[in-house]
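Below you'll find the structure, written out as structure tokens, and then a few comments.
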Amino acid sequence: MSYTITVNNRQRTVDVPEDMPLLWLLRDELGLVGTKYGCGIGLCGACTVHIDGVAQRACQIPVGTVGKSRVTTIEAVGESEIGKRVQQAWLDVDVIQCGYCQAGQIMSATALLEENPKPAPDEIDQAMAGNICRCATYNRIREAIQRVSGQPVSFEAQGGGNGL
Amino acid sequence: MASDPHIDRLDHGRRFFLKASMLAGGGLALDAAIPVKLFAATTPNATLNAFVSIAPDGAVTVIAKNPEIGQGIKTMLPMVIAEELDADWANVRIEQAMNNASLYGTQFAGGSFATPMNYMPMRQVGAVARDMLVRAAAAQWNVPAAEVTTNAGRLVHASSGRTLAYGAVAARAAMLKPADPATLKLKDPKDFRIVGHSVRGIDKPKIVHGEPIFGIDTRLPGMLIATYETCPVFGGTLKAARLDAVLKQPGVRHAFTVKGNGEAGELVDGVAILATNWWYANKAREALEVEWDFGPGGEHSTAGYAEQAEKLMDQQPMTLILKDGDPERALAGAAKTVEARYSYPFLAHATLEPQNCTALYKDGKLEIWAPSQTPQTGLEAVAKVLGLPQDAITIHMMRIGGGFGRRLMNDYMVQAAAIAK
């Protein structure tokens, strides 16, 4: 089945079954490997992308349902002002350890801040709850989001594991 | 507060593991010694040793020897080299080493040993390269080497006021014989400019932009993606597989059985399904009809283990792990006692990056891209199982999306290699 979908402001035509999840269209058909395959069953959040600005798990979105919606991935999230500031905050706070989940974290954080520029701590936790970080960088993720939103950091950031 | 027996047991296990690593790594100090290999100047960059090369414009390339798993080692070990090299950190580029024990010594990630094992050898690597630059500048200026000092990427002859950039003498330095590191004076740590300062991980900007740096991001022209169906029971073997229906599934290019050697950490029997897209390969498993011989492992089950554990718990303790003070007397005199039994399931490592490996077999040579904590062990396993000489195998050490010990094993490397071959 031939589909033309808009990914990162570019029209891409692909010939795939309608039930192929967007994740494998991005990674294995279009070569956009920044979106990560973690669990493949919508539990880890590593594959989070924006569909019309809303954070969605790409492994749970069949290609056939994308239609004319705009898909944005980690490769292009920095084209929005908020996305760029989130990426910079991730570096400033030194959020990343192994880094495998962080594309998904950044996509969820950006979607949150686009919709809610000053999220309360519990709103941050709620919006980020579906993004698992196996190195446990959660405190620094919250700190980075609070920095972007211009709010005071609500607690001392602590390190996680070391990936080993 | 080490009174929780579970905590004590964890610590005990960890110490045991670290000790084993120490023994295994004992050779490192010797192996990692200082590279004396000088390469012919096939590039404009002057190669001072296996770890350091300097371009005419002063750009310093430092090799990071160990696998990067988020612990920051790809940045940290080059910092140590750059410190003794007295390089300007702003001019340092870091390159991940290939797996090559003869050039770089032991290369692995596990047990938090990289810093203690490599700190002195990496300092010596930098000091040897710096000494070569110093002697090259001395020769160029026709002054004694003892009068030449360095300052963040520049050579200085104080009494004449002359200075030279590292890049200007690197080619000349590369022709010199490296000194015995034991004869070189290392920096006083109070003079450190790089070590001891906060330096951000070299690849973190790539991660926030979604650049392909993890093992699973490897893409080669025309590559296929395989799933490998294995027996759900340890020790099981493949009896039969019917592949006709699998081969008719969308996107599937090949499907075949692979005979393993029975070692779970190397290669177990399985069915490889190769497709143009992981989703096609995985979906085609639904069409696979396969029969396994579970073997004696078929009798094992989580419920069976739990039952056995309960029985053992009812018996007298077999080993005393910890006794602190006089618990019998304390409990006898306590106003209230609480008794509880705790049990843990077997833990999955749950690395967020699925186990994966890319392998290219061509003309008797095998090239591997793997997120492995122990690439050298993987290379040995691949050579053994596939019957290839070790020097026919090269391994690119890709960034690892979490290991937690799972990637001390290299089964996925042997699987990918066997499928590629």
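Computed from the Cβ-Cβ distance with R0 of 45 Å, the FRET efficiency linking residue B:244 to residue B:341 stands at 0.30. With distances taken between every two different alpha-carbon atoms, chain B has a Kirkwood hydrodynamic radius of 25.3 Å. For region A:88-97, putting each phi into the Karplus relation 6.51 cos²θ - 1.76 cosθ + 1.60 with θ = phi - 60° gives couplings of 5, 4, 4, 6, 4, 7, 6, 5, 6, 10 Hz, in residue order, rounded to whole numbers and with x for Gly and Pro. Values of log10 I(q)/I(0) for region B:151-243 across q = 0.12 Å⁻¹ run -0.82, by the Debye formula with one identical scatterer at each alpha carbon and no solvent.
Pairing the Cα long axis of helix B:5-25 with the longest principal axis of chain B, what angle in degrees results, from 0 to 90 and rounded to the nearest 10? The answer is roughly 50 degrees.
In chain B, if the dipole is taken from +1 on Lys/Arg beta carbons and -1 on Asp/Glu beta carbons about the Cα centre, which of B:234, B:416, B:53 is farthest to the positive end? The one lying farthest along the dipole's positive direction is B:53. Working note: Karplus 6.51/-1.76/1.60 with θ = phi - 60° gives region B:200-208 the couplings 7, x, 4, 9, 5, x, 5, 5, 5 Hz, where Gly and Pro are set to x. Electrostatic tally near residue B:137: other residues with Cβ closer than 12 Å to its Cβ, Lys and Arg +1, Asp and Glu -1, net +3. Heavy atoms of the protein chains alone define the surface here; on that basis the protein assembly as shown has 50 Å² accessible area per residue at 1.4 Å probe size. Give me the Kirkwood hydrodynamic radius of chain A in Å, from all C-alpha pairs, to one decimal place? It is 16.0 Å.
Per-residue shielding of A:89-95, expressed as the average number of other chain Cβ atoms within 10 Å of the residue Cβ, stands at 3.
Using a cut-off of 20 Å between Cα atoms, the listed pairs B:65/B:365; B:259/B:384; B:74/B:206; B:362/B:421 include B:65/B:365 as exceeding that distance.
Within straight-line reach of residue B:283, meaning a Cα separation under 18 Å, sit the following lysines at least 8 residues removed in sequence or on another chain: B:248. Based on a Kirkwood Rh over C-alpha pairs, give the Stokes-Einstein translational diffusion coefficient of region B:96-228 at 10 °C and viscosity 1.306 mPa s in µm²/s. Rounded, D is 85 µm²/s. Volume per residue of the convex hull around the Cα atoms, evaluated for region B:234-300, comes out as 96 Å³. Just checking the listed ones, B:391, B:324, B:188: in the Gaussian network model of chain B with Cα springs under 10 Å, the one fluctuating most is B:324.
Using Cβ point charges alone (K and R +1, D and E -1), the dipole size of region A:77-149 about the Cα centre works out to roughly 200 debye. Overall, chain B carries a charge dipole of about 1220 debye about its Cα centre when +1 sits on the Cβ of Lys and Arg and -1 on the Cβ of Asp and Glu, all other atoms neutral. Stretched out straight at 0.36 nm per residue, the stretch from residue B:289 to residue B:302 would grow longer than its current Cα-Cα span by 2.1 nm.
Given +1 at the Cβ of Lys and Arg, -1 at the Cβ of Asp and Glu and no other charges, the dipole of region A:2-72 around its Cα centre is 280 debye to the nearest 20. Mean residue ellipticity at 222 nm, helices only, chain B: -9500 deg cm²/dmol; runs of at least 4 DSSP H residues each add -39,500 (n - 2.57), and the sum is divided by the number of residues.
With helices as the sole contributors, chain A gives -8500 deg cm²/dmol at 222 nm; each DSSP H run of n ≥ 4 counts as -39500 (n - 2.57), and the sum is divided by every residue. Placing R0 at 51 angstrom, the Cβ-Cβ distance between residue B:183 and residue B:394 gives a FRET efficiency of 0.90 after rounding to 0.05.
Each residue of region B:325-421 gets 164 Å³ once the volume of the Cα convex hull is shared out per residue. Measuring nothing but alpha carbons in region B:229-368 and taking Rh as the Kirkwood radius, the Rg to Rh ratio lands at 1.20.
Work from the charge dipole of region A:2-72 (Cβ charges, +1 for Lys and Arg, -1 for Asp and Glu, about the Cα centre) and give the residue of A:61, A:51, A:25 farthest towards its positive end. With unit charges placed on the Cβ atoms, the residue in question is A:51.
Sparsely packed loop sites in region A:1-108 (the trypsin sites (Lys or Arg not before Pro) outside DSSP H, G, I, E and B with at most 16 other Cβ atoms within 10 Å) comprise A:68. Checking every one of the GluC sites (Glu not before Pro) in region B:289-377 against DSSP loop status and a limit of 12 other Cβ atoms within 10 Å picks out B:339.
Its residue count N fixes a reference of 2.2 N^0.38 Å for region A:77-149, and the Cα radius of gyration divided by that reference is 0.95.
Taken one residue at a time, the phi angles of region B:243-258 give Karplus couplings (6.51, -1.76, 1.60, θ = phi - 60°) of 10, 3, 5, 4, 5, 8, 6, x, x, 7, 9, 9, 8, 7, 8, 10 Hz. Gly and Pro are set to x. Computed over the protein assembly as shown, the P(r) tail beyond 48 angstrom holds 22 percent of alpha carbon pairs.
Take the Cα of residue B:146, step 7 Å toward its Cβ, do the same at residue B:223, and the gap between the two points is 5.6 nm. Each eigenvalue of the Cα gyration tensor of region A:2-72, multiplied by 5 and square-rooted, gives one semi-axis; in descending order these are 17, 13, 11 Å.
Sort out the exposed loop GluC sites (Glu not before Pro) in chain A (DSSP loop, at most 12 other Cβ within 10 Å) and tell me the longest stretch that has none. Looking at chain A, A:19-155 is the longest stretch - no exposed GluC sites (Glu not before Pro) with at most 12 other Cβ atoms within 10 Å. Sorted largest first, the spans of the alpha carbon positions of region B:115-182 along the three principal axes are 41, 22, 21 Å. Would you mind counting up the charge near residue B:176? Only other residues with Cβ under 11 Å from its Cβ, with Lys and Arg at +1 and Asp and Glu at -1. Cβ neighbours under 11 Å give a net charge of +2. Once the Cα atoms are used to define both axes, helix B:375-386 deviates from the longest principal axis of chain B by about 60 degrees. Heavy atoms of chains A and B lose about 3200 Å² of accessible surface on contact, summed over both sides with a 1.4 Å probe.
Helix B:114-141 against the longest principal axis of chain B: what's the angle in degrees, Cα atoms only, rounded to the nearest 10? Orientation of helix B:114-141: about 20 degrees from the principal axis. Across B:119, A:3, B:166, the residue with the most accessible area heads the list, and the full order at a 1.4 Å probe is B:119, A:3, B:166.
Here the protein assembly as shown has 54 percent of its accessible surface on carbon and sulfur atoms, given a 1.4 Å probe and all protein chains in place. Under 19 Å of direct C-alpha separation, and excluding same-chain neighbours fewer than eight residues apart, residue B:239 reaches these aspartates and glutamates: B:229, B:263, B:269, B:286, B:289, B:291, B:293, B:299.
The values are calculated or read from the model by the stated rules, or taken from the named source; none is laboratory data. Note that this is a predicted model, so its numbers are computed, not measured. In this analysis, Cβ positions are derived from the backbone assuming ideal geometry, glycine residues included, and neighbour counts consider all displayed protein chains. Each accessible area value is taken on the protein alone, full model and side chains, heavy atoms only, with ligands, DNA and RNA left out. Shrake-Rupley method; radii C 1.70, N 1.55, O 1.52, S 1.80 Å.
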